[in-house]
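A short worksheet on the structure shown next.
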Amino acid sequence: MNNKTIILIIALLTCVGSVYSQGTSPALADTEGKYKYNYVPVSPVSEELMKHIMCPVNYNTGKVELSIPIYEIRTRDFTLPLRLQYDSGGIKVSAGNGVAGLGWNVDFGPTVTRSIQGNPDEEGYLIYNPDFGSWDTSYMHKMTEGMAHEQPDVFFYSTFDAQGNFVFRRPEKSSESGSHIPVYLPLTSDKVETSDIRSGFQVTDGSGNIYRFKEAEYSNTGKITGWKLTDVTSLKQDRLSFSYVTQKLTYADSYDYYAVEDMGESYRNGYWQGVDGKLKFFRMNGYALHNDSLWADFTVENVGQYDNRPYNSVDAKYPKEITYANGKVVFDYSSSLLKTVHIYENGAEIQRVTLNYKQLRFMGRSLLAEVNFTELVNNQSRSYTMSYNDYVDDYSPTQTKAVDKFGYYNGRTGNTDLVERQLVEFGTPYDGDRGVCYAYIGGADRTPDILFAQVYSLQSIKYPTGAREELVYELNTYPDTDEYGNAISSYAGGLRIYSIQCRDVEGTLKNERRFLYEKDGIPTGYAPQVTFVDEMEKLYLRTYSRTSMRYRLYSSLPVADAGAAAGVSVLYPNVSVVEKDDYGKTVSREDYEYNTNFYFPSIINGMVHDEVSHYKKGKLVRRTDYDVDTEQPVHDEEHTYTEISLNNNTPVVAGREVRRANLVVAEQSGVETDDDLYYREYRYSIGRGNTRVENQLTVNTDYYAGKLVSDTVVRTYGSTDWDIRSGLPVREIYKYSDGKKKKCDYTYPYHVNDAVGRAMTAANDILRPAHIGESVEGPEGYMDDSFTSFDYTLDPGSGSALLDEVSVWKHEGLFSMSESYPVHDAYGNVCEIRRADAPVVALLWGYNYSRPVAIVEGASYQEVVSGLRVSVESLQNLDGSALENVLLPLRNAFPAPCRVTVYRYAPQRGVVYMNEPNGNVTTYSYDGFGRLTEIRDKDGAVLEYNEYKK
C-alpha cells in the first residue's frame with residue numbers, strides 16, 4: 001500500500017441513522033461508519049519510485065541499499081543498469097508481491113506515476129473552477145460530496161539521471177481549462193510536457209534525451225495511476241524501446257472500526273462495531289456503579305453490513321522486452337512474478353537469469369529464494385541464495401487480526417478485530433447533570449513485537465563467492481515523552497537495520513557492522529503524527545429542539561497520517577556505523593549527520609496539513625571517520641545547502657479537501673440546516689514551487705598527527721532561470737589549507753546568446769559546458785591560469801548542436817592546444833579529428849553506428865570513405881571476417897606514414913579484436929556477465945587471464 005496516496009484513508013461521511021428511543025433500531029444503519037477511499041493502488045514499481053523520491057533510502061531512514069545486479073544495458077549514449085532492489089523496512093501484513101516477491105522489486109528504469117488526491121486531475125482540478133477557494137456553504141457542500149475538487153494530484157517521475165515530482169498549476173480562467181503547466185518540486189533540469197494526461201507524457205532531460213511515457217497503468221476503478229516508458233531517444237538518435245505485459249496484482253485491504261456516541265435523556269445510544277464487513281450496534285441499556293465508577297451495560301443488535309473491501313487491485317504493466325542497437329532483454333513472468341530474464345546480443349542469447357521462489361499459502365505471496373545467472377558463452381553459472389525470517393506459520397493477510405498499529409504482524413492471534421483494546425467514556429445524564437460512564441471497546445492488542453514484525457523479512461544473502469551477509473533488525477523507535485513528561489521510546493512503524501554480519505564460506509563470522517541511531521549516546525529520531533481517532537459532533541434536530549452529542553470514530557487504519565503524506569515513518573538525524581572484526585574489536589567508525597531543515601505535515605482538527613518539504617530530507621550534512629584507537633576524528637566532510645528558485649515563478653500551489661465537521665440527523669430527511677454547513681478542511685501546499693536545494697559549501701578536513709588540514713569549496717549559482725533549472729554552479733572557489741585559492745568560472749549554452757546557444761537551450765541540451773576558466777589568487781588578486789573553450793555547431797538533424805572544437809590554454813601560453821571535429825555522420829558521431837601538431841584522424845563507425853571500427857591516422861574522412869570497397873551504410877551490417885575483409889585493405893590504400901587500426905566488438909561487452917597498424921592482433925574474451933576473462937596475442941599466447949570466483 002503506497003504511503004503517499006493515503007492522505008486520509010478513511011473519512012466518516014454521513015450518519016442518517018440514529019436512535020430516538022430505547023426501543024428503536026438504528027435506521028439505515030448500513031451508512032453508519034461508511035468511509036471513502038482516497039487510496040488508489042499503484043504497481044510495485046511505481047510505489048518504489050514514490051518512496052525513493054519522498055525519502056531517499058540511506059541511513060537517515062534506518063534502511064540500507066540491498067540490490068542484486070541483473071544486467072547493465074550499454075549503448076552508445078545510454079547506460080541502464082537492471083537490478084533487483086530490496087526494501088529492508090519490513091513486510092506489512094497487507095503487502096503484496098513486488099515484481100520478484102515480498103520486498104523485492106526490479107529497477108526497470110524511467111517511469112511516471114501519480115498519487116491521486118480524491119479525483120484524477122483530468123476529471124476536476126484541471127477544469128476551470130470559478131468557485132475555487134470559496135467558503136460559500138453550497139460550494140463547500142459540493143466538495144464534501146465529491147462534486148467539486150480542489151486538490152492537485154502529485155506526479156512522480158524518473159529519468160536515467162534524475163528523479164522528482166511535480167503538480168500542475170490550476171487553470172485560473174476558462175480559457176486555461178485543460179492546460180498542463182507543471183510546477184516542479186524539487187526543480188530539475190528536466191522538462192515535462194503533455195497535452196492530455198490520459199495520452200501520457202514526454203520528458204526531456206538536461207542532455208536533450210527525449211523519454212516518451214505512453215503505456216498507461218490502471219487501478220481496479222479504472223483510474224490511470226502510472227505511465228510506462230515506451231522509448232527514449234538521444235540527440236544522436238540512439239534509442240531504447242520498451243514493450244509491456246499486463247499483470248493483475250491484488251492487495252489485502254481490511255478495515256475495522258468502532259463509532260462511539262454519547263447518551264442523552266432521550267437518546268439511548270451506544271456504539272457501532274464494524275468488523276469484517278459486519279455491523280453490530282451495542283445499545284446502552286443503562287449503567288452500574290463499580291469501584292466508584294459508572295460502567296455501561298449494552299444489548300447487542302446485528303444491524304447489517306458496511307462497505308468493507310478486503311481486496312484492492314491494479315493492472316500493472318511489467319516490461320516484456322527492452323530492445324536497443326545490437327541487443328535486447330526479454331522478461332518472462334509466471335503468476336505475476338518475474339521468472340526469467342534473457343539477454344541477447346546480435347540475435348544470440350548470451351546470458352539467462354532465473355528466479356526461484358518459495359510459495360506462501362495465501363494470496364500468491366512468495367519469497368525470492370534464489371537468483372541463478374547462466375553465462376551461455378562459456379557455460380558458466382553463479383547464484384545468489386536468500387533466506388528469510390519465516391519461522392512462524394503462514395498467516396492470511398485478509399483474515400489475521402494479529403497486526404500492530406502500523407500494519408506489521410505482531411503474533412497476537414487472540415485478537416478479535418483490528419481496533420486497539422481501549423477504555424472509552426460515554427457522556428451520560430446522571431442525577432440530572434451530565435456525567436460519564438465507561439466501557440471497553442476494541443478487540444486487539446496492537447503492540448509491536450520485533451520477533452513477529454520481521455516475519456518474511458530478508459535474513460541473509462549468500463553471494464556467488466559463498467560468503468553471506470546476515471541482517472539483524474530492530475523496531476523503528478524515536479525519543480518521546482509520556483503524558484507526565486517522562487522520557488520514553490515510542491514506536492514509529494516497521495524495522496531498521498541493527499547490524500549486518502558478514503560470514504565466509506565456512507560460516508565463520510568475519511566482521512559485523514553495527515548501526516547506532518544516536519548522538520553522544522542519546523537516541524535521536526523524528527516521527528510524524530498519526531492518529532486513529534476522529535472526533536466530531538452529532539446533532540439531532542427536531543422542529544423545536546436541538547441536541548448535540550459527542551461522536552467518535554476509532555479506526556483500525558489511521559484517520560489522519562502525517563507520515564503517509566511525508567512518505568516516511570521516522571527519520572534519524574544521527575547514525576553511527578561501527579565495524580568490528582571477527583574478534584569483536586572495533587576496526588572502523590563512521591558518523592553520519594543528516595539535515596533537519598524540513599517540516600513533517602501536521603494534523604489539525606483531525607486532518608493533515610501538508611506544506612511539502614520532502615525534497616529537503618535525506619541531505620547529508622556531515623560525515624566523520626574516526627581513529628578507533630584514539631577515538632579522535634581523522635577525516636570530516638561537511639556540507640551546507642542553499643535553496644534556489646526560479647525568478648518570479650515560484651507559485652504556491654495549494655489545494656483543499658473538505659469534510660463535514662458535524663454529523664446531522666434531522667427529523668425531516670432532505671432538509672438542510674445551518675448545522676449541516678460546518679466544515680473541516682485539509683490543505684495541501686507545495687510552498688515555493690520550482691525550487692531546488694543545492695550544495696553551497698563543502699569542507700573536507702583531515703587530521704594528521706594532531707594537525708588540521710582543511711580544504712573548502714564554495715559554490716555560486718547563477719541568477720537566470722536556466723541557471724536555476726540546471727542546478728550547475730557558475731563559480732567554484734577552492735580554499736586550501738596552505739592559504740592558496742583557486743577560482744573556476746563556468747558558462748553553459750544558455751549563457752551564449754547566439755544561434756547555437758539558443759538552439760541547445762531550446763532542445764534542453766543545457767548540461768554541456770561552453771567555457772571553463774581557472775584563475776589563482778596572487779598578490780594583486782586573481783590571475784588567469786587556464787581556460788578551456790567548447791565550440792559547437794548547429795545540427796539540423798537533432799535540433800541542437802555538435803561539438804566542433806575544443807581549445808585549451810595554460811598559464812601564460814606555456815601550453816595551448818586546439819582540436820577540431822569538422823565531420824560528423826548523421827548520428828552525431830565524430831568522424832574526423834584535426835590538430836595543428838598532429839596528422840588528421842578519420843573514424844569509421846559500425847555496429848549500427850554505435851562503435852568505431854577503424855581509425856585511420858593521416859587521411860581525411862572523405863578520403864577514407866572513398867577508399868572503402870563498400871558504402872558506410874553497408875558497413876553497419878558486417879562483423880567478423882567480413883568486417884575485417886573490408887577494413888584491412890585500407891592499409892593498401894593508405895600506406896605509411898598513414899596508420900590504420902581495425903576493431904571488432906561484442907557490442908554489449910567490449911572490443912574483442914584489435915588489429916594494430918603494424919599487423920599485431922590482440923583478442924579479448926568475455927563471459928556472459930561482461931567481465932574480461934583473457935587477452936591473447938596474434939599467436940594465441942595468453943597475455944592476461946582473469947578468473948572470477950563464483
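Brief remarks follow.
- For the pair E694 and D937, a Förster radius of 41 Å applied to the C-beta separation gives a FRET efficiency near 0.20, rounded to the nearest 0.05.
- If the chain linking F362 and T230 were pulled fully straight, counting 0.36 nm for each residue of separation and taking away their Cα-Cα distance, it would gain 44.1 nm.
- Reachable aspartates and glutamates, given that their alpha-carbon falls under 15 Å from the alpha-carbon of K743 and they are not under 8 places away in the same chain: D711, E732, E774, E777, E780, D784, D785
- Counting only Cβ charges, +1 for Lys and Arg and -1 for Asp and Glu, the dipole size of the stretch 567-614 around its Cα centre is about 120 debye.
- Surface/4 estimate of mean projected area, convex hull on alpha-carbon atoms of the stretch 479-621, nm²: 13.8
- For the chain, share of DSSP beta bridges that run antiparallel, in % to the nearest 5: 95
- Measuring max minus min along each principal axis, the C-alpha atoms of the stretch 406-534 give extents of 79, 38, 20 Å (largest first).
- For the stretch 152-220, taking Cα atoms only, Rg and Dmax work out to 12.6, 37 Å respectively.
- Residue range of the chain that is longest and free of chymotrypsin sites (Phe, Trp or Tyr not before Pro) which are both DSSP loop and sparsely packed (at most 11 other C-beta within 10 Å): 136-390
- With the largest listed first and rounded to whole Å, the semi-axes of the equivalent ellipsoid of the stretch 546-651 from the Cα gyration tensor are 42, 24, 9.
- If you model the chain as an ellipsoid using its alpha carbon gyration tensor, with each semi-axis the square root of five times an eigenvalue, the axes come out at 59, 32, 29 Å, biggest first.
- Among residues other than L697 with Cβ under 9 Å from its Cβ, the summed charge is 0 (Lys and Arg +1, Asp and Glu -1).
- Length released on extending from N892 to L423, taking residue separation times 0.36 nm less the Cα-Cα span: 159.2 nm
- Distance from the alpha carbon centroid of the stretch 282-352 to that of the stretch 201-228 works out to 23 angstrom.
- Neighbour counts of other Cβ atoms within 10 Å put E72, E506 in the fewest-to-most order E506, E72.
- Going from the fewest other Cβ atoms within 10 Å to the most, the residues K63, K223 appear in the order K223, K63.
- For the stretch 853-893 versus the stretch 134-186, the inter-centroid distance based on Cα atoms is 57 Å.
- Cut-off 14 Å between beta-carbons: net charge of the residues surrounding A896, Lys and Arg +1, Asp and Glu -1: 0
- Length gained on full extension, S548 to E873: 108.6 nm, using 0.36 nm per residue less the C-alpha separation.
- For a label point 7 Å along the Cα-to-beta-carbon line of N119, residues of the stretch 147-183 with backbone N under 12 Å: 147-151
- Pairwise Cα distances in the stretch 730-799 exceed 15 Å for 59 percent of all pairs.
- Between 0 and 90°, nearest 10: helix 44-54 axis offset from the chain longest Cα axis: 90
- Checking every one of the trypsin sites (Lys or Arg not before Pro) in the stretch 465-518 against DSSP loop status and a limit of 15 other Cβ atoms within 10 Å picks out no site at all.
- Förster-model FRET efficiency, 56 Å R0, D504 and H751, C-beta, rounded to 0.05: 0.50
- Built from the Cα atoms of the stretch 347-433, the convex hull projects on average onto 10.7 nm², one quarter of its surface area.
- In nm, spacing of pseudo-spin labels at V628 and D297 (7 Å Cα→C-beta vector): 6.9
- Volume of the Cα convex hull of the stretch 235-288, divided per residue and given in Å³: 197
- Length, then width, then depth: along the principal axes, the Cα atoms of the stretch 839-950 run 49, 28, 23 Å.
- For the stretch 176-294, the extents of the C-alpha atoms along the principal axes are 84, 33, 32 Å, listed from largest to smallest.
- Computed FRET value (nearest 0.05) for H771 with Q862, which takes r as the C-beta separation and R₀ as 41 Å: 0.85
- In plain terms, the residue of H811, H751 with the fewest other Cβ atoms within 10 Å comes first and the most crowded comes last, giving H811, H751.
- Taking only Cα atoms of the stretch 386-425, radius of gyration then Dmax in Å: 12.6, 50
Every number in this text was worked out from the coordinates using simple rules, so none of it is lab data. All values derive from a computational prediction rather than experimental measurement. As a convention, Cβ positions derive from the backbone with ideal geometry for all residues, glycine included, and neighbour counts pool all protein chains shown.
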